[in-house]
1. Could you pull out every residue, at least 5 positions away or on a different chain, whose amide H is within less than 5 Å of the one on Arg33? Hs are placed 1.01 Å off N in the peptide plane, and Pro or chain starts have none.
2. If Lys and Arg each add +1 and Asp and Glu each add -1, what is the summed charge of the other residues whose beta carbon sits under 14 Å from the beta carbon of Pro27?
3. Ser34 to Cys20: extension gain in nm, 0.36 nm per residue of separation minus the Cα-Cα distance?
4. What nm value, rounded to one decimal, do you get for the distance between Asp56 and Ala74 when each label is placed 7 Å out toward the C-beta?
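Since every read-out is calculated from the coordinates, none of them should be taken as a lab result. Worth saying up front: this structure is predicted, and the values here are computed from it rather than measured. Counting neighbours? That spans all protein chains shown, and the Cβs are built from the backbone with ideal geometry, glycine included.
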Amino acid sequence: MATLPKRRGQRYLQRIDDFCGLLTTFPRLGRNRSDVMPGLRVAVFERRVTIAYRHDVDRLTVIDILYRGRNVEAYWRQPPPK
């Protein structure tokens with residue numbers, strides 16, 4: 001039997017996954033951030049997680065999931081780690 005923290009974490013990840021499913025139905029739910037990256041949209045989940053994604057005609061691509069209000073613009077404009 002899974003421990004309580006593990007089950008809680010699994011439920012949280014399931015809610016994020018369900019929210020991503022909602023984005024496939026309503027891709028414009030997220031804010032347009034084409035100023036940062038062409039076609040980029042970002043949506044906030046439960047005030048803690050930022051989901052960055054692109055939506056094409058038949059596909060939603062999650063680019064990144066950022067936790068606790070990381071600055072999306074600064075995050076992608078920093079040089080890649082060596």
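1. Long-range HN contacts for Arg33: Leu40, Arg41, Val42.
2. Working: positive: Arg28, Arg31, Arg33, Arg41, Arg54, Arg59; negative: Asp56, Asp58.
Combined, the nearby Lys, Arg, Asp and Glu give +4.
3. Numbers: separation 14, 0.36 × 14 = 5.04 nm, distance 1.93 nm.
Between Ser34 and Cys20, full extension yields 3.1 nm more.
4. 3.3
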